[in-house]
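For reference, the structure is listed below as structure tokens.
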Amino acid sequence: MAELAESVTNMIGELSKLPGIGRKSAERLAYHLLRVNKSEALALADSIRNVRENVRYCAVCYNLSEQETCLICNDVRRDQHTLCVVEQPRDLMSLEDAGVYNGLYHVLLGRVAPLEGIGPEQLTISALVDRVHNGDVEEIIMATNPTVEGDGTALHITNLLGECDLEITRLARGITTGSILEFTNKEILADAMSGRQKY
Ligand code: ZN
């Protein structure tokens, strides 16, 4: 194999660390970025820098945010008494895109996965419990993924909040077991939300 400029080899190495990108794809992307005009390639670099320097987790719900608290938490038109619990910011985005929910969220930043050594203390569960104790939450909708781990995580939280005076519901199972919330289409999400059931 011909020797590549060191900077090109570096870029291929960085690209191949991305999920779903193998060595061949990384090479293809690298050559693409060398071929397009410079401003286009630098716009990508700038957008990555911009996101990493300006985006953080919302101090209240752990959604992605450019401010201390996110746009959803700051929106007074939303129902302040309902929290929807999701695993990842991208799950929140699916629900927002579907337009089926008008309350607030709590993003766990993962799920309890004992086999991977991920326990409840590595998630934002204690912050959720604090929110419930300090606020006037009337309903919590569990929207963790319908997987063994997602279900286990929801059950763990339900047990923790068992003594609290609120309703805990779970999205209806229009969603096929094992499917990931982020890939579910809008109609199914709308059905799952409107048909949610008590724990
Ligand atoms: Zn927030």
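The values are calculated or read from the model by the stated rules, or taken from the named source; none is laboratory data. A quick note: this is a predicted structure, and the numbers were derived from the prediction, not measured. Cβ coordinates were reconstructed from backbone atoms using ideal geometry, including for glycine residues, and neighbour counts include every protein chain displayed. Each accessible area value is taken on the protein alone, full model and side chains, heavy atoms only, with ligands, DNA and RNA left out. Shrake-Rupley method; radii C 1.70, N 1.55, O 1.52, S 1.80 Å.
Hey, got a sec? Which trypsin sites (Lys or Arg not before Pro) in segment 75-104 land in a DSSP loop and have at most 11 other Cβ atoms within 10 Å?
ARG77
Amide H contacts under 5 Å for GLU167: GLU139, ILE140, restricted to partners 5 or more places along the chain or on a different chain, H placed in the peptide plane at 1.01 Å from N. If R0 is taken as 22 Å, the Cβ-Cβ distance between ILE48 and ASP97 corresponds to a FRET efficiency of 0.45.
In the chain, the calculated helix contribution to ellipticity at 222 nm averages -12500 deg cm²/dmol per residue, counting -39,500 (n - 2.57) for every DSSP H run with n ≥ 4. Run the accessible area of the chain with a 1.4 Å probe and give the carbon-and-sulfur part as a rounded percent. Result for the chain: 53 percent of the exposed heavy-atom area is carbon or sulfur. Protein heavy-atom accessible surface, 1.4 Å probe, per residue over segment 26-71: 77 Å².
When the P(r) is computed for the chain, the part past 32 Å accounts for 30% of the Cα-Cα pairs. When each of the peptides 152-159, 112-119, 22-29 is scored by the mean number of other C-beta atoms lying within 10 Å of its residues, the order from highest to lowest reads 152-159, 22-29, 112-119.
When DSSP beta bridges are restricted to pairs lying wholly in segment 1-142, around 25% turn out antiparallel. The residues of segment 113-199 expose, per residue, 55 Å² of accessible area to a 1.4 Å probe. The GluC sites (Glu not before Pro) of segment 31-79 that DSSP puts in a loop, and whose beta carbon has at most 13 other beta carbons within 10 Å, are GLU66, GLU68. Once you reduce segment 1-50 and segment 51-68 to the center of their Cα atoms, the two points are 27 Å from each other. Note that segment 67-80 has calculated 3J(HN,Hα) couplings of 10, 3, 10, 7, 4, 5, 4, 7, 8, 6, 6, 7, 5, 7 Hz, one per residue in order, obtained from phi through the Karplus relation 6.51 cos²θ - 1.76 cosθ + 1.60 (θ = phi - 60°); glycine and proline are x.
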